[in-house]
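**Student:** Take a look at the following structure, please.
Read-outs throughout are calculated quantities, based only on the coordinates presented, and are distinct from any laboratory measurement. From a predicted model like this one, the values you see are computed outputs, not experimental measurements. Reconstructed Cβ throughout: ideal geometry from the backbone, glycine too, with neighbour counts over all protein chains shown.
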Amino acid sequence: MQDHAGAQQCLDNLAKAGFRWDTYTYNAQLSALGRAGRLDEAWALYQRMRDDVVAPDYVTYHILIREHGTPTRSDSFNNGLGRADSGASKAMFPTVR
């Protein structure tokens, strides 16, 4: 996504109009922020997702791991993963019983 600010504004306008963000919307934004190197904003958005009671799924955690789990970003990843709740394992392994 080249114009993250424009996309963010569009999503904010939809929210003001009463549309509620879902997991797919959050995942798209998390991915865009991560790919743009805006990792602190990605973690803040993940927290907003949790605060809005939108359940992360395995894609959410894949995005977080992909964008934060590189050797140069491991401290950021480890600190942020500590913020993930215990439901993370259920979302990351949805078919394992």
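**Student:** Go ahead and run the numbers for FRET between Ala44 and Lys16, Cβ-Cβ distance against an R0 of 25 Å, rounding to 0.05.
**Tutor:** 0.85
**Student:** Related question: Based on the Cβ-Cβ distance from Val53 to Tyr24, what FRET efficiency comes out when R0 is 22 Å, to the nearest 0.05?
**Tutor:** 0.90
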